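Here the structure comes first, spelled out in structure tokens, and everything after it is commentary.
The values are calculated or read from the model by the stated rules, or taken from the named source; none is laboratory data. Just so you know, these numbers come straight off a predicted model, no measurement behind them. No Cβ is skipped: glycine too gets one built from the backbone with ideal geometry, and neighbour counts run over all protein chains shown. With ligands, DNA and RNA removed, areas are computed over all heavy atoms of the protein, side chains included. Shrake-Rupley method; radii C 1.70, N 1.55, O 1.52, S 1.80 Å.
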Amino acid sequence: MKLLIVDDSSTMRRIIKNTLQRLGYDDILEAEHGLQAWELLDTIDDIKILITDWNMPEMNGLDLVKKVRGDARFADIPIIMVTTEGGKAEVITALKSGVNNYIVKPFTPQVLKEKLEAVLGVNEV
Ligand SMILES: [Mg+2]
């Protein structure tokens, strides 16, 4: 399953990527900002999950989410936002824009695992 990680921090991308790899996900794409992420989404067919930062140059995560949700091709792609923006208003804004789950930095590998499983429906009964 192909996952796309979007963050302007290469360190944060590495942390998320390492965590995902330990969970068994090995088909991982990376982008430095929303614009680059959009180019990948637009050209690569089978990206199944989008994990994105909020604060980034070129195109931020919130604008990326809005663009993705505005395109019928990506209506069903789960989006997890991973950000330092931990305020209630920010979380609500992100969820209203189409984010499925939200992680505030810093986070533990366990949190990423749980949120990922939640958006994938792994824990559904
Ligand atoms: Mg950032």
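Values of log10 I(q)/I(0) for the chain across q = 0.16, 0.17 Å⁻¹ run -0.70, -0.81, by the Debye formula with one identical scatterer at each alpha carbon and no solvent.
Each of Ala118, Gln36, Ser9 was placed along the dipole of the chain (beta-carbon charges, centred on the mean Cα), and the one lying farthest toward the positive end is Ala118. Taking all protein chains into account, the per residue accessible area for the chain stands at 52 Å² (1.4 Å probe). Cross-link reach is defined here as a Cα-Cα straight distance under 17 Å, omitting same-chain residues fewer than 8 places apart; for Lys67 the aspartates and glutamates meeting it are Asp7, Glu32, Glu39, Asp42, Asp45, Asp53, Glu58, Asp76. Each of Ile92 and Ser9 was given a label point 7 Å from its Cα along the Cα-to-Cβ line. The distance between the two points is 2.7 nm. Each residue of the stretch 14-20 was assigned a 3J(HN,Hα) from its phi angle through the Karplus expression (A = 6.51, B = -1.76, C = 1.60, θ = phi - 60°), giving 5, 4, 5, 4, 4, 4, 4 Hz with x at Gly and Pro.
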